[in-house]
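The values are calculated or read from the model by the stated rules, or taken from the named source; none is laboratory data. As the structure is a computational prediction, the values presented were derived from the model and not from experiment. Here the Cβ positions follow ideal geometry from the backbone for every residue, glycine too, while neighbour counts run over all protein chains shown. Each accessible area value is taken on the protein alone, full model and side chains, heavy atoms only, with ligands, DNA and RNA left out. Shrake-Rupley method; radii C 1.70, N 1.55, O 1.52, S 1.80 Å.
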Amino acid sequence: MIKLQNIQKVYRTSTVETLALNSINLDVAKGEFLSIMGPSGCGKSTLLNIMGLLDNPSGGTINIADQTIDKFSDKQLAQFRNSKLGFIFQSYHLINDLQVLDNVELPLLYRDSTAKERKALASEALEKVGLSNRMKHFPTQLSGGQRQRVAIARAIVGNPSIILADEPTGNLDSAMGNEVMDILINLNRNEGTTIVMVTHDENMAHKTHRLVRLFDGSQVQ
Ligand code: ADP
Ligand code: ADP
């Protein structure tokens with residue numbers, strides 16, 4: 001589903017050069033739930049951003065859902081990202097002055113769909129994360145775990161084949177973290193969604209199919 005070959009990432013400024021990723025080769029199978037761990041600064045977010053086509057590698061090739069990405073125009077990239085990928089972040093990234101339902105509808109605004117269809121899809125996504133009773137709330141009126149479940153609903157509303165999650169339980173206590181993790185596990189099992197998750201939590205990582213460890217920009221396991 002995702003194939004990275006010899007991926008390098010160098011961050012250059014006028015004074016420093018950082019080799020953030022060094023020759024990463026990684027295959028993520030369709031339907032796999034993969035976690036990525038490693039110390040702060042080892043390149044986890046960089047790797048996830050490259051998989052999510054949010055950032056370009058300095059070298060190497062990326063193949064996602066049978067498409068080689070390097071020939072894509074910016075517009076094609078945006079379209080591909082919007083139709084195939086869903087993103088979840090540690091700090092939720094919800095828009096606080098939009099109601100929950102409107103937050104979840106956001107990714108659909110870039111597609112051909114009517115307001116009625118958007119509402120139906122967003123309601124369905126909120127049902128899947130157990131938040132049908134919070135559609136008219138604002139994010140600030142919800143707990144951290146509920147906010148992350150809204151973010152998951154927003155990530156899945158367009159029915160992506162891949163979810164990329166950057167420390168989705170990082171801001172949550174263990175009870176709420178487990179709830180969020182259970183939703184991701186069910187999504188992977190029931191819908192076959194491929195998931196790549198960065199985490200600092202060994203317990204969460206051990207619930208996934210496979211763990212990749214990074215150290216200083218290189219894969220060590
Ligand atoms: P359990 O831990 O409950 O025994 P498994 O780890 O065996 O579950 O996997 C549960 C399901 O996930 C299986 O049906 C299997 O097909 C799928 N699965 C497990 N590992 C992978 C993988 N690396 N890639 C894709 N699917 C996988
Ligand atoms: P992690 O997610 O594992 O904490 P990152 O992928 O954020 O690591 O960062 C990997 C390395 O790249 C770090 O050494 C970091 O300082 C560097 N880095 C990340 N983003 C930038 C940037 N925009 N400019 C320069 N260096 C960066």
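Quick notes
- Any chance Thr68 is over 18 Å from Phe87 (Cα atoms), away from ligand 2 (no atom under 16 Å from the Cβ), in contact (Cβ under 8 Å) with a residue 40 or more places away in the chain and of a type in the set (Val, Ile, Thr): no
- Wholly within the stretch 1-50, strands (runs of 3 or more DSSP E) carrying at least 3 residues that are more than 16 Å from Arg210 (Cα to Cα): 2-12, 17-28
- Number of positions in the stretch 83-121 that are more than 18 Å from the chain's Cα centre (by Cα) and either part of a helix (DSSP H, G or I) or within 21 Å of Pro168 (Cβ to Cβ) (or both): 14
- Residue check for Ser35: over 20 Å from Val157 (Cα atoms) and within 16 Å of ligand 1 (Cβ to nearest atom): yes
- Subset of the stretch 70-82 (residues that are in a helix (DSSP H, G or I) and of a type outside the set (Lys, Arg)): Asp70, Asp74, Gln76, Leu77, Ala78, Gln79, Phe80, Asn82
- Single match in Leu164, Leu126 (criterion: part of a helix (DSSP H, G or I) and open to solvent by less than 30 Å² (accessible area, probe 1.4 Å)): Leu126
- The residues of the stretch 24-58 that are among the small types (Gly, Ala, Ser) and either away from ligand 2 (no atom under 16 Å from the Cβ) or open to solvent by less than 20 Å² (accessible area, probe 1.4 Å) (or both), listed by number, are Ala29, Gly31, Ser35, Gly38, Gly43, Gly52.
To keep it simple, each residue is scored yes or no on (1) open to solvent by 60 Å² or more (accessible area, probe 1.4 Å); (2) more than 16 Å from ligand 2 (Cβ to nearest atom).
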site	(1), (2)
Leu101	no, yes
Leu109	yes, yes
Lys116	yes, yes
Ala122	no, yes
Pro139	no, yes
Val157	no, yes
Pro160	no, yes
Pro168	no, no
Asn188	no, yes
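- Qualifying residue in the stretch 52-69 (condition: outside any strand (DSSP E or B), within 16 Å of ligand 1 (Cβ to nearest atom) and over 25 Å from Leu142 (Cβ atoms)): yes
- Residue count for the stretch 145-155 under the criterion of being open to solvent by 20 Å² or more (accessible area, probe 1.4 Å) and without any contact (Cβ under 8 Å) to a residue 60 or more places away in the chain: the result is 3.
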